[in-house]
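This report concerns only the one structure given below.
The values are calculated or read from the model by the stated rules, or taken from the named source; none is laboratory data. Because the structure is a prediction, the values reported are computed rather than measured. Here the Cβ positions follow ideal geometry from the backbone for every residue, glycine too, while neighbour counts run over all protein chains shown.
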Ligand code: G6P
Ligand code: MN
């Protein structure tokens with residue numbers, strides 16, 4: 001079985017390959033095709049994978065290509081994890097937003113809108129090619145902003161595109177851990193949009209254990225989201241939000257911290273990753289060791305400013321690995337082998353959240369088997385959460401409309417309607433600022 005990875009020169013590819021190396025069962029992936037627009041990055045990552053595969057007799061064969069159509073033909077699964085505009089683009093997204101006093105995070109607020117505007121046209125082109133060249137393939141979308149990009153692709157691929165994210169998985173795992181439940185036996189009642197969802201319950205043997213967590217300040221202080229949001233606020237909400245809701249509930253503090261930081265996340269990663277890719281290009285470089293070291297630093301510094309404003313301290317060791325690749329592999333196995341699994345995924349709503357239409361991509365527990373991912377029915381969200389979900393979905397729809405029409409006014413509308421952009425004038429200046437630096441936004445006339 002063949003897996004094609006778009007963004008195959010990307011830094012997280014060895015995580016996926018490492019997970020594949022541990023899979024020896026019938027129906028596993030036997031061939032991996034890496035596609036990237038940058039041949040140098042492909043060479044670097046191929047070296048890391050070769051070191052990972054050393055001594056593994058049934059390691060999936062790896063080939064690389066910069067020809068997208070060639071990469072797609074014959075694929076059973078297509079993973080898409082691309083970054084349009086690279087980390088330089090991410091750093092621009094942050095800098096331009098922060099200069100206006102609003103958030104430039106890659107998926108939340110103005111930064112997410114900017115990133116979405118330049119990623120959607122590329123994702124749509126990929127989706128069209130998949131529909132033509134590999135109509136039976138399943139597309140697993142990691143590309144951020146993942147919910148929006150999945151929805152853009154679903155207009156061409158229907159339910160054959162499924163979006164994934166490690167954040168809700170990690171959250172569910174942490175909540176289960178502090179409650180002493182084994183992740184496999186706990187039902188995580190989670191719903192929302194990507195990077196905008198809430199755990200409202202955790203059922204073990206039919207009993208909701210979340211009230212026990214909410215009532216216990218010691219337990220609440222013992223995991224990432226508990227420390228990030230604080231016990232009092234979690235008790236007020238009666239739910240545990242996805243970590244990305246920190247940007248909504250503590251906007252002022254997050255903006256201040258990000259403005260005061262020496263470098264934005266994008267600028268930091270840009271330099272860090274440039275050092276890694278240059279290092280691996282050296283003939284005698286220990287590629288895997290360099291990758292491991294770089295990854296450890298990247299993981300340890302994830303959301304550092306948010307944790308700092310909350311006094312949340314360092315991340316826990318258990319939270320530093322086993323997210324992204326686990327959900328990708330679990331999804332692929334469930335589909336390819338018809339092994340029923342329950343996974344939190346980004347799929348079309350189909351009536352799950354009644355305030356949204358059926359085609360809106362949401363993030364929700366799904367039953368997965370060979371026929372795909374099917375959202376389970378969930379209780380409605382409370383009004384405050386429905387309000388945010390509807391507002392952000394409306395912004396996503398404006399992004400999709402702008403990407404289709406090329407209308408600058410629609411792009412302004414997308415920024416202006418975002419709950420974290422506080423003036424139409426700011427939105428106008430953001431569009432001017434972003435179109436001035438991003439070649440990928442040249443289509444906005
Ligand atoms: C989490 C999110 C991903 C995101 C990543 C960013 O895993 O769920 O959507 O890509 O963090 O991490 P980074 O190291 O790029 O800041
Ligand atoms: Mn994510």
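Data table
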| item | result |
| --- | --- |
| Residue among 364, 395 that is buried (at least 18 other Cβ atoms within 10 Å of the Cβ) and closer than 12 Å to residue 192 by Cβ | 364 |
| Conditions (1) within 15 Å of residue 239 (Cα to Cα); (2) more than 16 Å from ligand 1 (Cβ to nearest atom); number of the one not met by residue 197 | (2) |
| Failed item in (1) at pLDDT 95 or above; (2) within 22 Å of the chain's Cα centre (by Cα); (3) under 20 Å from residue 95 (Cβ atoms), with residue 303 passing the rest | (1) |
| Selection from the stretch 301-314 of residues that are away from ligand 2 (no atom under 16 Å from the Cβ) and surrounded by 15 or more Cβ atoms within 10 Å (Cβ to Cβ) | 301, 304, 305, 307, 309, 310, 312 |
| Residues within the stretch 7-44 that are free of Cβ contacts under 8 Å to residues at least 60 places away in the same chain and in a helix (DSSP H, G or I), tallied | 4 |
| Residue 298 vs. criteria under 21 Å from residue 94 (Cβ atoms), touching a residue at least 40 places away in the same chain (Cβ under 8 Å) and within 16 Å of ligand 2 (Cβ to nearest atom) | yes |
| Residue pairs meeting the criteria (Cβ under 8 Å; at least 6 apart or on separate chains; first over 28 Å from residue 396 (Cβ atoms), in the stretch 165-194; second within 14 Å of ligand 1 (Cβ to nearest atom)) | 183/172; 183/173; 186/172 |
| Pick from the stretch 126-144, criterion touching a strand residue (DSSP E or B) at 6+ places or on another chain (Cβ under 8 Å) and more than 16 Å from ligand 2 (Cβ to nearest atom), ranking: nearest to residue 156 (Cα to Cα) | 127 |
| Filter pass, residue 246 being assigned to a helix (DSSP H, G or I), away from ligand 2 (no atom under 16 Å from the Cβ) and on the phi < 0 side of the Ramachandran plot | no |
| Subset of the stretch 117-149 (residues that are within 13 Å of the chain's Cα centre (by Cα) and within 13 Å of ligand 1 (Cβ to nearest atom)) | 141, 142, 143, 144, 145, 146, 147, 148, 149 |
| Test set (1) within 16 Å of ligand 2 (Cβ to nearest atom); (2) without any contact (Cβ under 8 Å) to a residue 60 or more places away in the chain; (3) surrounded by 18 or more Cβ atoms within 10 Å (Cβ to Cβ) - residue 321 fails condition number | (3) |
